[in-house]
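Read through the structure below, which is laid out as structure tokens, and then see the notes.
Only the coordinates and a few stated rules stand behind these numbers; no lab work does. Since the model is a prediction, treat every value here as computed from it, not as a measurement. Glycine gets a Cβ as well: all are built from the backbone with ideal geometry, and neighbour counts include every protein chain shown.
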Amino acid sequence: MVPRLYIATNGLSVWYSDNLGDELTRTQTSKGMYSGTQAWGLACHPKNTGEVLCGTELGLFRFDPDSKTWSHVESPMDGKRLVTAIAYSPHDPNVVLAGTQTANLYRSEDGGRTWRDLDLPMYESVALEFLGGGDANGNPRVRVERGKASDPIKHWTRVCQISFDPDDPDFVCACVEIDDAWVSRDGGRTFTRSNGGLEAAAADVHGMVVVRNGKGRRLFASTAFGLHRSDDDGGHWTFHKLDSPWQYTRSIVERPDRTGVMYLTNGSGSPGWQGKLFRSRDHGETWQDVKLPGAVQSSVYFLAVNKADPMLGFAAGSLGQLYRTTDGGENWVELPRRLGEIRAIAWT
């Protein structure tokens, strides 16, 4: 079966490609999803090849590969501003977790037909104030004030990523922009806040991943103020400085062959004017710039990998540039088409 790349955009619906990104096609309204949709989250079904869930400002949509159409999935998330993150459990595809803006998590045990609101104590909004100067790691000094939807100045919080432990079905991570990392030890039924070692500013968490490094479980959190690592299941986080003029990081994944190769996106801010993609060959101990081709004109934000072919991967800049590797991250090419603001990518 030919791989299909999906690209979620902020206001231009979902685009797809059946030739590894060389040509892109926009989803038309006649296919069940409005062509002006704000699409922010994507998840591919781990067993039903071609089935995809997409999070939007109108709730969840499901793509059926047989009819080649999208259909709305009724859920309690329909009343939220956006559905921003979705993940299937690799251990049981009936278990699905989804996150929203304002930040909250929902859990399904029947493949998305019904959902339970986890009603977590996540903040609805925050106010940020940049104070000038920097800390010992060169990050700007920031004051973060947590608030409610009634506050006059606010940045809505949202769930950015949900990651299952590939070996332990009970361990799940989720991260919130801007409200810390969250950890579950019961398969995503309940979550607790995990911010020990995260400075207030680093609580702006964009991505999380769970890896096994031969010694035990290791967690990574990519934040607006740098990459952080935990070797005690999120009990405490330590800052890991990148060899980059910026410490702003967005997405982090392990290559699905689980040989220690990882990818991490980096850039000059949100949306940024320059970006980098980093690779680790040693479970995140060290990181090297892969040197994407050409001028990267915004922060690199998103990554797409799939165990169906660990050598095939995609990366996206926040403002529409797309990149592809077919050799496990050794070499990358820039794809010819460029979109507007990208919010998620996935391939199935």
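Placing +1 on the Cβ of every Lys and Arg and -1 on the Cβ of every Asp and Glu, with no other charges, gives the chain a dipole of roughly 440 debye about its Cα centre. Among the chymotrypsin sites (Phe, Trp or Tyr not before Pro) within the stretch 273-329, those in coil by DSSP and having at most 15 neighbouring Cβ atoms inside 10 Å are W273. The H on the amide N of W40, modeled in the peptide plane, is under 5 Å from the matching H of G55, T56, each at least 5 residues off or on a different chain. Couplings 3J(HN,Hα) of the stretch 219-225, computed from phi: 10, 10, 10, 9, 10, 5, 10 Hz, in residue order, whole Hz [Karplus 6.51 cos²θ - 1.76 cosθ + 1.60, θ = phi - 60°; x for Gly and Pro]. Excluding same-chain residues fewer than 8 positions from K68, which lysines have a Cα within less than 30 Å of its Cα? The reachable lysines, counting only those whose Cα sits under 30 Å from K68, are K31, K47, K80, K307.
Taking G320, G216, G188 in turn, the Gaussian network model of the chain (Cα-Cα springs below 10 Å) assigns the largest fluctuation to G216. In this structure the amide hydrogen of G226, modeled in the peptide plane, comes within under 5 Å of the amide hydrogens of T249, none closer than 5 places in sequence on its chain.
Amide H to amide H distances under 5 Å link F171 with D165, G187, where only residues 5 or more positions off or on other chains count and H is placed in the peptide plane. Among the trypsin sites (Lys or Arg not before Pro) in the stretch 271-348, those placed in a DSSP loop whose Cβ has at most 11 other Cβ atoms within 10 Å are K291.
Put in order of Cβ neighbour count within 10 Å, fewest first, the listed residues H72, H206 become H72, H206.
FRET efficiency for the E330 to N19 pair, using the beta carbon distance and R₀ = 25 Å, is estimated at 0.70.
Exposed loop sites here mean GluC sites (Glu not before Pro) with a DSSP loop assignment and at most 15 other beta-carbon atoms within 10 Å; the chain contains its longest site-free run at 75-284. Shape of the chain from its Cα gyration tensor (a ≥ b ≥ c, root eigenvalues): rounded if a/c is under 1.5, otherwise prolate when a/b > b/c, or oblate? Rounded is the answer for the chain, as its axis ratio a/c remains below 1.5.
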